[in-house]
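Colleague: Following this message is one structure expressed as structure tokens.
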Amino acid sequence: MSEKVDIKSLNFKELENFIEELGEKKFRAKQLYEWMHVHLARDYDEMKNIPKSLKEKLGESAEYVSLKQRDCQISKEDGTRKYLFELSDGNFVESVMMRYEHGISVCVSSQVGCKMGCRFCASTLDGWLRNLTPSEILDQIYSIQKHSGERVSHVVVMGTGEPLDNFDNLLKFIALLTDEKGLNLSQRNITVSTCGIVPRIYDLAKEHLQITLALSLHASSQEKRLALMPIANKYDIHEVLDACDFYFKETGRRMSYEYSLIAGQNDRDEDAKELGEFFSHKNCHINLIPVNPIKERDYKSSSKEAVFAFKNKLEKYGINVTIRREMGRDIDGACGQLRRRHMEESHS
């Protein structure tokens, strides 16, 4: 028996071809595409103008990805929602919905688990299981929009997983999300975060997308980055930053650098000085993140005073710096925490 087609991962042209292969008229593809990507139908039964005979054919030949919501924690502090979704194979991923003045932002996962091993991150503690398909990344947004009843305006691929380690599926996801026949999100409202897979940064630059690329930097030198991020064993910090310069040159999109502040590890004066001297002449943005402590590691978040002092030092070099607002502090805030807690509870 041939493998079922993942219908929600097909672009419009592929869907047209698939529908014609089923012996149906082309216009059915337009109807189906709208049900999936505009009306966000959860299954074929919701598709009112699709004939029963076609629904039966689709049931036999196509997989319809629709994530099952297993948990939703809502912050009493700021309304942030943390979702836990079950995939068709029984694995779990998590996503976050955050309210800002500029609109609703959703942070999605791109893999089940992560193989990058960053020392301060809960996502990586149980290793990597598999990549998510374009439809599984997409449906995190669709499920949240349907559940909340609010239009998503910004998407950040910064949840569990390394997006550039799932490169082809990431590109397809972005194409579907920004398609004018679907949700039609602006590329400029999408941010992709990477820990620095150098060849893929060059590949992404050559796609000439208008998305924002955010590098998880977290250290001011190669030596310090090695202590926090195993990826630094493969790609030296200067190689990574050269690739980021290339991304800016190719796309004209200002780079964003994520810097998680860990008390006593990377928040000292010398760190601010090294960063300041390196980035003072670059058109970039540094986003300071007070690290979310996880029980499996003894890293502590820098104090509020230390975070503001670090910001002030960088600003003296003329760098554009922000401190990430801590959202959902009263729920399982750090990437991978909710999924991990669920897994621990189900195995106990």
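The values are calculated or read from the model by the stated rules, or taken from the named source; none is laboratory data. Remember, it's a predicted structure, so these values are computed and weren't measured experimentally. So basically every Cβ, Gly included, is an ideal-geometry build from the backbone, and we count neighbours across all protein chains shown.
Colleague: On the given criteria, is Lys82 surrounded by fewer than 13 Cβ atoms within 10 Å (Cβ to Cβ), closer than 30 Å to Ser148 by Cα, touching a residue at least 12 places away in the same chain (Cβ under 8 Å) and out of contact with any Ser or Thr (no Cβ under 6 Å at 6 or more places or on another chain)? Reasoning before the result, please.
Modeller: Details: surrounded by fewer than 13 Cβ atoms within 10 Å (Cβ to Cβ): no; closer than 30 Å to Ser148 by Cα: yes; touching a residue at least 12 places away in the same chain (Cβ under 8 Å): yes; out of contact with any Ser or Thr (no Cβ under 6 Å at 6 or more places or on another chain): yes.
No; evaluated as a whole, the condition is false for this residue.
Colleague: Tell me, which residue of the range 85-109 that is free of Cβ contacts under 8 Å to residues at least 60 places away in the same chain and of a type in the set (Asp, Glu) is nearest to Val152 (Cα to Cα)?
Modeller: Among residues in the range 85-109 that are free of Cβ contacts under 8 Å to residues at least 60 places away in the same chain and of a type in the set (Asp, Glu), the one nearest to Val152 (Cα to Cα) is Glu101.
Colleague: Report yes if Asp298 is among the charged types (D, E, K, R), at pLDDT 95 or above and out of contact with any Lys or Arg (no Cβ under 7 Å at 6 or more places or on another chain), otherwise no. Before the answer, list the steps.
Modeller: Numbers: among the charged types (D, E, K, R): yes; at pLDDT 95 or above: no; out of contact with any Lys or Arg (no Cβ under 7 Å at 6 or more places or on another chain): yes.
Spelling it out, it is not the case that Asp298 is among the charged types (D, E, K, R), at pLDDT 95 or above and out of contact with any Lys or Arg (no Cβ under 7 Å at 6 or more places or on another chain).
Colleague: Could you tell me whether the range 101-122 includes any residue that is part of a loop (DSSP other than H, G, I, E, B), in contact with a strand residue (DSSP E or B) (Cβ under 8 Å, 6 or more places away or on another chain), of a type in the set (A, V, I, L, M, F, W, C) and under 30 Å from Leu15 (Cβ atoms)?
Modeller: Our first condition is that a residue be part of a loop (DSSP other than H, G, I, E, B); within the range 101-122, this holds for 101-102, 109-110, 114-121.
Now drop any that are not in contact with a strand residue (DSSP E or B) (Cβ under 8 Å, 6 or more places away or on another chain), which leaves 102, 109-110, 114-115, 118, 120.
Restricting the remaining residues to those that are of a type in the set (A, V, I, L, M, F, W, C) gives 114, 118, 120.
Pick out the ones that are also under 30 Å from Leu15 (Cβ atoms) and you get none.
No.
Colleague: Oh, and also: Could you list all residues from the range 51-74 that are outside any helix (DSSP H, G or I) and farther than 18 Å from Asp6 by Cα? Give the derivation first.
Modeller: Taking the range 51-74 and keeping what is outside any helix (DSSP H, G or I), we get 51, 62-74.
Those that are outside any helix (DSSP H, G or I) and farther than 18 Å from Asp6 by Cα: Pro51, Gln69, Arg70, Asp71, Cys72, Gln73, Ile74.
Colleague: I need the helices (runs of 4 or more DSSP H) fully contained in the range 173-292, keeping only those with at least 2 residues that are in the same structural domain as Ser153 (by TED's automatic domain parsing) and of a type in the set (Gly, Ala, Ser).
Modeller: Numbers: elements: 198-206, 222-228, 237-251, 269-279.
Hits in the range 173-292: 269-279.
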